[in-house]
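Notes to accompany the following structure.
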Amino acid sequence: MAIPAKTKASKAPRDGAKSTATKVPQPAGPSTEGETLIAPGGETHQQADGPDTQLTTNQGVPIADNQNSLKAGARGPVLLQDFILREKITHFDHERIPERVVHARGSAVHGFFECLDSCADVTSADFLQRPGERVPVFTRFSTVAGNKGSADLPRDVRGFAVKFYTGQGNFDLVGNNMPVFFIQDAIKFPDLIHAAKQDPDREFPQAATAHDTFWDFISLTPESMHMIMWAMSDRAIPRSLRMMEGFGVHTFRLINAEGISTFVKFHWRPKLGSQSVVWDEAVKINGADPDFHRRDLWEAIEGGDFPEWEFCLQAFTQEQADGFDFDVLDATKLIPEEVIPLRVVGRMVLDRNPDNFFAETEQVAYCAAHVVPGIDFTNDPLLQGRLFSYQDTQLKRLGGPNFHQIPINQPKCPFHNLQRDGHMQMGVPKGQVNYEPSTLGADVARESLERGYHTFPNPEAGEQLRLRPETFADHYTQARLFFASQTKPEQDHIIAALVFELSKCVTPRVREAVLSRLIHIDAFLAQSVAEGLGFTGQIVPAPAPISAKDMDPSPMLSILAKAQPTLDGRKVGVMVSDGCDEALVAKLKAAVEAAGARLQVIAPTIYGVTTAGGELLPADHRIDGGPSVLFDAVAILPSQDGGEQLAMEAAAVNFLRDAYGHLKAIAYLPSAGPLFAAGGITDVGPDDDAGLIALPDASLDAFIAAASAGRVWAREPLVRPPPKPLVVAA
Ligand code: HDE
C-alpha cells in the first residue's frame, strides 16, 4: 500500500526568504524496510529493517512523514492544523503520572505462587487449598523515601508487594523487607514520611534519612526505636532484591470454612538466603550503578535464574496472643520464630520481566484492602489506616475509579458488577439494568451468600476515643531483643550506621535526643554511638514509662547467624590484562558457573584483551565501569607486565582496595603483586586472611569455598577500626 505524501509548498514564504521547498525531496510513501527517509536538515538515512507495519495516528490514520512537521514553506511557521504533530506532542506532554508519594522507586516481575501445603485447617482461601496448584503473581520491590529516579541502594526499608491473581479475586500482600514498622497509628504516617523525605524548603537530601528532620521526628517518637534498629542494620542495604526476606508486618486473620479465626503473620523467605552489602559499598554502588538492584533482578530473570521465596505462615490463636507480653495489634512488635515457628505453605517463583515498565510496574495498583474470602483484617490501627489510603492514592495516581480495568490490575477471574461509567471506562457494558435488585435483567450479576466474602464477626464495643492502648507502651524491649540477637559484625554495623546518620544531623540537640532514646535499648549501643560522634557529655535518658525487659536472643533475627555458605545467584569479577592465561580464566569460569554464579571479565578496554595464546578474551566491563563493588568475589589474573601496568591505573588499584576493604574473597596470581603494593595491602597474606587465595598454589576450589563463605568478617577490624581518641601532647 503506497500512501501519496506530497506536501507541496503552494505559496512563497511570507518572510521573503527564498523557498527551498521544491529542492527538498519528500518521502514517497510509508516507512518500509530499507527505505530512504528524509532526516531533519534534508539528510537521508536508512530506515531500520522491520515488519511492514503502517505507522498511524491514535485514530488509525496512516502517517506519511514522521520526520517533519507541517510548515507554511520549508522555512516557514509550523501550522496549527498539523494534527499529527499535535497528537504526538500532546501524548508526550501527558506521559507522566504522579509518582507514588512513597515507594516511588521500584521494579516488578511476573511469576507464580504454588501452594505446597493445604491450609484448609486455618483458611478457606481458595489459592491455599490444593498442593501443586498455581496462581499468577506480580511482585514489586521498592525503596520508600527516594523519588522515582533515585538510586537503588540508599539506607532504606524495601517494599515487598505481591499481587496474587486468585480464582476468588486479587489478594494484595503489600509488605516490607522488615517485620515491624516505625509507628503504631496511621495518623502519624504523613508526619513520618514528611520527616524522612526531602526537606520542603530545599528539596534535599534525596533518598536519605541522614538529616535533621528525620531524626528530630524519631527522637520524639519512641515507638520507632525497634524499627530504627532494623533500619540501621544491614537489612536496609540488601545485596539483591532476590536476597531479601519479606513480611506482611501486621497481624491478619485467617478464617476457615467453619468460620473459625486464627491470627497470622505472613513471611517470605528467599531461597538464595539473605545477604547485604556493607555501607561503604552501598555508597559506591549508587555511583557506579544506580540501577544495581533492578539490573540484577532483570538480568537474573533474563538469564533463566528465577528467584524463589518460601511463603510461610506464623499462625497463632487468641489464647496465645493473650499470653504474649506485647499486643499483636501493635505493628512495632514481632513474634520471635522461636516462640511461634513458621509453617511453609507455598512458594513464589518470579520468572518473567514485564514487557513495558510503565504499563505494568508504574500502573500496578496494590491495595492493602484487597483480600479474598478466608483472609481478614485485625484492628491494628496502622493497618486500618492503610485500608483507606491505597484506594485513595490510586484515584489520584491513575486518574479515576476504573483503574482496576488496566490490564495489570484486572483480576484474572471473571468479575461483574453494576458499577458503570467513570473516567476512562474501558468496557462497553450492555443492557438497561445498572442497579440491583432488579427484575428486568435476566443475566444481571447477583450476590452469593455461600461464595461471597464474609467479614469475621468480631464483637466490637467501646467508647469513641483518641487513645493509644496501654498494651502498646513498651517501646524498648523488642529493640533490645533485636540488638542482642545480632552477631558482633552486625552490631558494629548498627552502631556505625547510627554514627553516620547522626553525624549528618547539624543540630546537636537532635543527636543528643536520639542518644537519650538509645540508652534505653542498650547502654553499650548508646555509649558506642556517643563515642563515634565524639560526644563527651552525659547521655540523659528520656522519660520512659516502661523500661526494656531482657528476652532470650532470637538468632533468626540475624542475617549472619542463619546464613548458609553459597555462591548461588552471585557474581564474580575477574580482572585481566593482555597476555593473561586464557586456560586459567576458562577454568575459573567453569568453577564459578558450577557454583551457580556468573563470571564477568574486567579489562583495560571494552573490546577485551589478547591472551597469552593470542586469543581475544572479550570484556564485560572496562575497569572504571566495573568496580569491584558490583561483585561478590573477585579474581586478579593479569600477565606479569599487565600487573605492573594495572598498578599505575587508579581504577584498577581501587578495584583491589575496595574488594579487600569490603571483605571479599580475592584470588590472585603473583603478577598481581604490584597492585597489592600500590593499594597498600602489604602486611597480610593467605596465612592470616582466609579470603586471600594465592594462585596457582591454592586451588580454584579453595577460592569458590572462600567466596561461598561470604565476607571475611575477621578482616573488618583491620579496615574499619572504631575511632580511638588520640593522646594530644599538651
Ligand atoms: Fe504503604 N503506601 N502506607 N506501607 N506501602 C503506599 O500506595 C500507607 C505501610 C507499602 O509497590 C502508597 O500505591 C499508609 C506499611 C508498599 O506499588 C500509599 C501507611 C507497609 C508500598 C501508602 C503505610 C507499607 C506502599 C503509595 C500507614 C508494610 C508500595 C503508593 C498507615 C506493611 C506498593 C501506593 C507498590 C505504598 C500508604 C504504611 C508497604 C500512599 C497510609 C506498614 C510495599 O497509599
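The values are calculated or read from the model by the stated rules, or taken from the named source; none is laboratory data. Predicted model, so just to flag it, every value in this text is computed and none were measured. No Cβ is skipped: glycine too gets one built from the backbone with ideal geometry, and neighbour counts run over all protein chains shown. Keep in mind that these areas ignore ligands, DNA and RNA; they rest on the heavy atoms of the full protein, side chains included. Shrake-Rupley method; radii C 1.70, N 1.55, O 1.52, S 1.80 Å.
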> Within the stretch 708-730, can you find the residues that are touching a Pro at 6+ places or on another chain (Cβ under 9 Å) and either at pLDDT below 95 or closer than 15 Å to H662 by Cβ (or both)?
Replying inline: A709, G710, R711, W713, E716
> Can you pull out the residues in the stretch 579-616 that are open to solvent by 50 Å² or more (accessible area, probe 1.4 Å) and part of a loop (DSSP other than H, G, I, E, B)?
Replying inline: D581, P604, T605, I606, Y607, A612, G613, G614, E615
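Looking at the stretch 128-137, is at least one residue closer than 25 Å to D380 by Cα and either near the ligand (Cβ under 9 Å from one of its atoms) or open to solvent by 20 Å² or more (accessible area, probe 1.4 Å) (or both)?
First pass over the stretch 128-137, keeping only residues closer than 25 Å to D380 by Cα: 128.
Narrowing the set further to residues that are either near the ligand (Cβ under 9 Å from one of its atoms) or open to solvent by 20 Å² or more (accessible area, probe 1.4 Å) (or both) leaves none.
No, the conditions are met nowhere in the stretch 128-137.
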> Is there a residue in the stretch 106-120 that is of a type in the set (V, I, T) and in a loop (DSSP other than H, G, I, E, B)?
Replying inline: no
> Mind checking which residues of the stretch 553-578 are open to solvent by 40 Å² or more (accessible area, probe 1.4 Å) and more than 32 Å from the chain's Cα centre (by Cα)?
Replying inline: D578
>> Checking the structure you have, find out if any residue of the stretch 96-110 is open to solvent by less than 50 Å² (accessible area, probe 1.4 Å), more than 13 Å from the ligand (Cβ to nearest atom), assigned by TED's automatic domain parsing to the domain that holds A207 and under 27 Å from E302 (Cα atoms).
In response: yes
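Going through the stretch 367-387 one residue at a time, which ones are within 11 Å of the ligand (Cβ to nearest atom) and under 24 Å from the mean Cα position of the chain (by Cα)?
C367, A368, A369, L382, L383, G385, R386, L387
From the list R509, R517, R480, which one is without any contact (Cβ under 8 Å) to a residue 12 or more places away in the chain and outside the structural domain of P179 (by TED's automatic domain parsing)? I'd like the intermediate steps shown before the answer.
On the way: R517 fails: without any contact (Cβ under 8 Å) to a residue 12 or more places away in the chain; R480 fails: without any contact (Cβ under 8 Å) to a residue 12 or more places away in the chain.
Checking each option against the conditions leaves just R509.
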> Quick one: which of Q67, Q46, Q54 is at pLDDT below 95 and more than 30 Å from T143 (Cα to Cα)?
Replying inline: Q46
> Of all residues in the stretch 228-261, which are under 20 Å from A561 (Cβ atoms) and within 16 Å of the ligand (Cβ to nearest atom)?
Replying inline: W230, A231, R235, A236, P238, M244, E245, G246, F247
>> It is to be established whether one or more residues within the stretch 578-590 are without any contact (Cβ under 8 Å) to a residue 24 or more places away in the chain and either touching a helix residue (DSSP H, G or I) at 6+ places or on another chain (Cβ under 9 Å) or of a type in the set (K, R) (or both).
In response: yes
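A quick yes/no check of all residues on (1) within 16 Å of the ligand (Cβ to nearest atom); (2) in contact with a helix residue (DSSP H, G or I) (Cβ under 7 Å, 6 or more places away or on another chain); (3) not assigned by TED's automatic domain parsing to the domain that holds F138:
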{"residue": "L395", "(1), (2), (3)": "yes, no, no"}
{"residue": "F403", "(1), (2), (3)": "yes, yes, no"}
{"residue": "A445", "(1), (2), (3)": "no, no, yes"}
{"residue": "Y453", "(1), (2), (3)": "no, no, yes"}
>> Anything in the stretch 328-348 that is away from the ligand (no atom under 16 Å from the Cβ) and in a loop (DSSP other than H, G, I, E, B)? List them, or say none.
In response: P336, E337, E338, V339, I340, P341, L342
> Quick one: is I285 more than 27 Å from the chain's Cα centre (by Cα) and in the same structural domain as K163 (by TED's automatic domain parsing)?
Replying inline: no
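Among the residues of the stretch 349-394, count how many are in a loop (DSSP other than H, G, I, E, B) and within 30 Å of P459 (Cα to Cα).
The initial filter retains those residues of the stretch 349-394 that are in a loop (DSSP other than H, G, I, E, B), namely 353-356, 363-374, 377-380.
Filter once more, keeping what is within 30 Å of P459 (Cα to Cα): 366-374, 377-380.
Residues in the stretch 349-394 being in a loop (DSSP other than H, G, I, E, B) and within 30 Å of P459 (Cα to Cα): 13 in total.
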> Does the stretch 310-327 hold any residues that are in contact with an Asp or Glu (Cβ under 8 Å, 6 or more places away or on another chain) and buried (at least 21 other Cβ atoms within 10 Å of the Cβ), and which are they?
Replying inline: Q314
